[in-house]
Amino acid sequence: MNIVLKFQKLDNRVQIPQYQTVGSSGMDLCAFIEEDIILKPMERKLIPTGLKMEIPIGYEAQVRPRSGLSIKNGITLINCISIF
């Protein structure tokens, strides 16, 4: 069974998520920002992707932090799944 994910770009410069390596279990999702964002300790910000996504009934999409950013800089996502 093939699942089709439909993305709508909100700007022509937006990158559609893609699998970066063979065997990847998830796609890389890029932020759509025009200037650097600096977070202060404990500060939270909404980071845009510039995308809309249609998710088939019975499925979900998950956004997870990159492991390097999490372990090296303490950057994570609100409501993300913790994997130990």
**Prompt:** Which of the following residues is touching a Cys at 6+ places or on another chain (Cβ under 6 Å) and either of a type in the set (Gly, Ala, Ser) or free of Cβ contacts under 8 Å to residues at least 60 places away in the same chain (or both): Gln15, Gln8?
**Reply:** Gln15
**Message:** Can you find a residue that is of a type in the set (A, V, I, L, M), under 17 Å from Cys80 (Cβ atoms) and out of contact with any Pro (no Cβ under 7 Å at 6 or more places or on another chain) anywhere in the range 6-15?
**Reply:** no
**Item:** Looking only at the range 1-32, and only at residues there that are within 17 Å of Leu77 (Cα to Cα) and assigned to a loop (DSSP other than H, G, I, E, B), the one that is most open to solvent (accessible area, probe 1.4 Å)
**Value:** Leu29
**Message:** Name the single residue that is nearest to Asp11 (Cα to Cα) among those in the range 41-60 being in contact (Cβ under 8 Å) with a residue 24 or more places away in the chain and part of a loop (DSSP other than H, G, I, E, B).
**Reply:** Gly50
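The values are calculated or read from the model by the stated rules, or taken from the named source; none is laboratory data. Since this is a predicted model, take the numbers as computed values, not measurements. No Cβ is skipped: glycine too gets one built from the backbone with ideal geometry, and neighbour counts run over all protein chains shown. Just so you know, the surface numbers come from the protein's heavy atoms only, side chains and all, with ligands and any DNA or RNA stripped out. Shrake-Rupley method; radii C 1.70, N 1.55, O 1.52, S 1.80 Å.
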